[in-house]
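**Q** Structure incoming, see below.
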Amino acid sequence: MSSFRNESDSLGNIDVPEDALYGAQTQRAINNFPISGLTLPKRFIQALALLKKSAAQANLELGLLDQKRADGIIHSANLIASGKHSNQFPVDVFQTGSGTSTNMNMNEVIATLAGNAIDANDHVNMGQSSNDVIPSTIHISAAIALSNHLLPALKHLHKTILNKSVSVSEHIKTGRTHLMDAMPVSMGQELSGWAGQIEQGIAGLESVRNRLHRLALGGTAVGTGINTHPDFAQTFCAALTKDTGLKFEPSDNFFASLAGQDVAVALSGQLKVVAVSLMKIANDLRWMNSGPLSGIGEIELEALQPGSSIMPGKVNPVIPEAVAMVSAQVIGNDATITIAGQSGNFELNVMLPVIAYNLLESVEILANSASLLGDKAIAGFIVKTDKLQQSLARNPILVTALNPIIGYAKAAEIAKKAYQSGRNIIDVAEEETEISREQLIEILDPIALTTGGIRK
C-alpha cells in the first residue's frame, strides 16, 4: 500500500504520494482529470524545463533572484530537460485550458528537487503566468522539434528520393492519369514530382519557423506584463537562445500571443500539407508495387515481414501503409488544432494543452515516418523492367504524338482499334495512315516522348 504525505495549497490540505516530487496543485489535477491517461509529450516537458531554467537565469541577471535559489532551479530544470524524472508529470492532457496544472506540476517538481526553501510560485514561477508560460512552451517545443527532428528527416527523404530518381531515370513507364494509361514518363521524372512535393513542404515549414521563435513570455496574466521586470522577456530570450542555439525573441504583441494560437494553427496547416504529400507518395508506391502478378507490378518493395496469417508467401507494402495512417492522423490533428485555435476568449486561449499535444504528435510521427519511407521503401525498391516494357508496348495512348500530323479524331480511331484488337499501336497506325513504319517507330519512341515538344 502506498504511503502519503499531507500537502497544502490555497484550497486547503490534500494527500500526495510520499515519493512524489510534485505537490498539492498537481495532485488536485490528477484527481480532477482522470480522462484519457494521455500526458503531454516528453518534448513539451523538456521544453518547459528549459523555459524555467532560462527564466531563473533572467531573474538572477535582473537581480530578482539570489544566486543560491537560481542555481537550485537551474540545476533541477537541467535534470528534467535531460529526460530525468519524466514520471513526475502525470497530469492529463485534458485539463484546465490554460495548462496551469502542467505549469504548476513543473514548478512543484523543480522546487522539490532544488530545496533550499525554494517556493514553486514565488521563485520557480517568478515573473511568469501559466498564461504566457504554456503558449511559449508550445512555440519552444515545436521549434526545437522542427529544427532537430522533422526538417532533417524531410531533407533526408528529399535527398533519398532525388538519389533514387537518378538511379532509375533510364526506366520509361506508362504514365497514368485517373489511374488510366497515359503518355509515357521516365521513372526519374515521376520521382522528381515526389521530391518537388517534399521540397515545397520543407519550404512551407521554414516559412513558419521564424514566427515560432517569437514568444509570449513577458505578457504574464493578460498581456500587460504585470508582476514581471520590464526587461525580463528580452533577458529570458537571450538566455534561451544561448541554451538552445535557436534565436528566440519576445513577441511583438503579447495580447495576440496569449489570446491566439495562430502560429500553431499555421504550423499545423503546413504539417498537414506534408502529410498530404506523404500519403500521395505512399499510395503511388502501393499501386506501383501492387500484384505481384495481377496488379501494376512496376516495382518490388523490400520484403520486411510476412503479410498474412493465413496466406503463405504473401508480402504487403507495410511501410507505405504505415505512412498513410500517419498522414491520416496528422490531418485529424490539424482539425483539432484548428478548432482549438479559435478558442481564444478575450485575453486567453483555453485549449492550449490539446494544441500542444496534437502539434507535437504530428511533428514526431511525420519525422519518424518520413525517415522510414525513404530508407525502407524508396531507397531499396527494385524496378521490374519487363513489366514496364510490356505495358509500354501495348499502350495505345502513344498515338497522342500523332495528333499534330493526322489530327485528334483519326488518332482516337487508331487508339480505339488498338485497344479492341490488343495489337501494338505501331502496327495499327501503319495500316491506318500513310506514315512509314520507320517514321512511326521514331515518332512513337517512348523515350523521346518523355522529352515533350511536338513530334513530326
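The values are calculated or read from the model by the stated rules, or taken from the named source; none is laboratory data. Small disclaimer: the values here were computed from a predicted structure and weren't measured. Cβ coordinates were reconstructed from backbone atoms using ideal geometry, including for glycine residues, and neighbour counts include every protein chain displayed. In case anyone asks, the SASA skips ligands and DNA or RNA and just uses the protein heavy atoms, side chains included. Shrake-Rupley method; radii C 1.70, N 1.55, O 1.52, S 1.80 Å.
**Q** How many of the residues making up segment 104-124 are of a type in the set (Gly, Ala, Ser) and either under 30 Å from the mean Cα position of the chain (by Cα) or assigned to a loop (DSSP other than H, G, I, E, B) (or both)?
**A** The number of residues fulfilling the criteria is 2.
**Q** Listed residues Glu434, Glu364; which is in a helix (DSSP H, G or I) and either out of contact with any strand residue (DSSP E or B) (no Cβ under 8 Å at 6 or more places or on another chain) or without any contact (Cβ under 8 Å) to a residue 12 or more places away in the chain (or both)?
**A** Going through Glu434, Glu364 in turn, just one is in a helix (DSSP H, G or I) and either out of contact with any strand residue (DSSP E or B) (no Cβ under 8 Å at 6 or more places or on another chain) or without any contact (Cβ under 8 Å) to a residue 12 or more places away in the chain (or both): Glu364.
**Q** For residues in segment 246-262 being of a type outside the set (A, V, I, L, M, F, W, C) and assigned to a helix (DSSP H, G or I), which is least open to solvent (accessible area, probe 1.4 Å)?
**A** Ser257
**Q** Look through segment 283-299, keep the residues that are open to solvent by 70 Å² or more (accessible area, probe 1.4 Å) and within 27 Å of the chain's Cα centre (by Cα), and return whichever of them is farthest from Val263 (Cα to Cα).
**A** Of everything passing the filter in segment 283-299, Trp287 is farthest from Val263 (Cα to Cα).
**Q** Also, I was wondering about something else. Given the residues Leu372, Leu388, Leu398, which is the only one that is out of contact with any Cys (no Cβ under 6 Å at 6 or more places or on another chain), over 28 Å from Leu304 (Cβ atoms) and part of a helix (DSSP H, G or I)?
**A** That would be Leu398, the only listed residue that is out of contact with any Cys (no Cβ under 6 Å at 6 or more places or on another chain), over 28 Å from Leu304 (Cβ atoms) and part of a helix (DSSP H, G or I).
**Q** Still on this structure, I have one more. Taking segment 275-301 on its own, how many of its residues are among the hydroxyl-bearing types (Ser, Thr, Tyr) and within 23 Å of Glu199 (Cα to Cα)?
**A** Qualifying residue count for the region: 1.
**Q** Check Gly374, Gly313, Gly380 and return the single one that is of a type in the set (Gly, Ala, Ser) and out of contact with any Leu (no Cβ under 8 Å at 6 or more places or on another chain).
**A** Going through Gly374, Gly313, Gly380 in turn, just one is of a type in the set (Gly, Ala, Ser) and out of contact with any Leu (no Cβ under 8 Å at 6 or more places or on another chain): Gly313.
**Q** Scan segment 90-103 for residues that are in a helix (DSSP H, G or I) and open to solvent by 10 Å² or more (accessible area, probe 1.4 Å) and jot them down.
**A** Once the filter is applied, which keeps residues that are in a helix (DSSP H, G or I) and open to solvent by 10 Å² or more (accessible area, probe 1.4 Å), segment 90-103 yields Thr100, Ser101.
**Q** Oh, and also: Which of the residues belonging to segment 289-305 are out of contact with any Lys or Arg (no Cβ under 7 Å at 6 or more places or on another chain) and in a loop (DSSP other than H, G, I, E, B)?
**A** Matches in segment 289-305: Ser290, Gly291, Pro292, Leu293, Ser294, Gly295, Ile296, Leu301, Ala303, Gln305.
**Q** Then there is this: Among the residues of segment 384-395, which ones are surrounded by fewer than 18 Cβ atoms within 10 Å (Cβ to Cβ) and either over 17 Å from Gly422 (Cα atoms) or modelled with pLDDT of 95 or more (or both)?
**A** Thr385, Asp386, listed by residue number.
**Q** Conditions first: (1) part of a helix (DSSP H, G or I); (2) crowded, with 23+ Cβ neighbours inside 10 Å; (3) in contact with a Lys or Arg (Cβ under 7 Å, 6 or more places away or on another chain). Pro184 passes all but one, so which condition is the exception?
**A** (1)
**Q** Does Glu18 qualify as being farther than 26 Å from Glu249 by Cα and open to solvent by 30 Å² or more (accessible area, probe 1.4 Å)?
**A** For Glu18, the condition - farther than 26 Å from Glu249 by Cα and open to solvent by 30 Å² or more (accessible area, probe 1.4 Å) - is met.
**Q** Give me the pairs, please: first residue somewhere in segment 289-314 and more than 14 Å from Leu388 (Cα to Cα), second residue anywhere and open to solvent by less than 80 Å² (accessible area, probe 1.4 Å) and aromatic (Phe, Trp, Tyr), beta-carbon distance under 8 Å, and either six or more positions apart or on two chains.
**A** These pairs meet every condition: Leu301/Phe381; Glu302/Phe381.
**Q** A further question follows. Just one of the numbered conditions (1) touching a residue at least 24 places away in the same chain (Cβ under 8 Å); (2) over 20 Å from His229 (Cβ atoms); (3) assigned to a helix (DSSP H, G or I) is not true of Val166; which one?
**A** (1)
**Q** Which one is farthest from Thr220 (Cα to Cα) among residues in segment 234-245 that are out of contact with any Lys or Arg (no Cβ under 9 Å at 6 or more places or on another chain) and surrounded by fewer than 23 Cβ atoms within 10 Å (Cβ to Cβ)?
**A** Out of the qualifying residues, it is Gly245.
**Q** Can we say Met325 is in contact with a helix residue (DSSP H, G or I) (Cβ under 7 Å, 6 or more places away or on another chain), open to solvent by 70 Å² or more (accessible area, probe 1.4 Å) and closer than 30 Å to Ala143 by Cα?
**A** no
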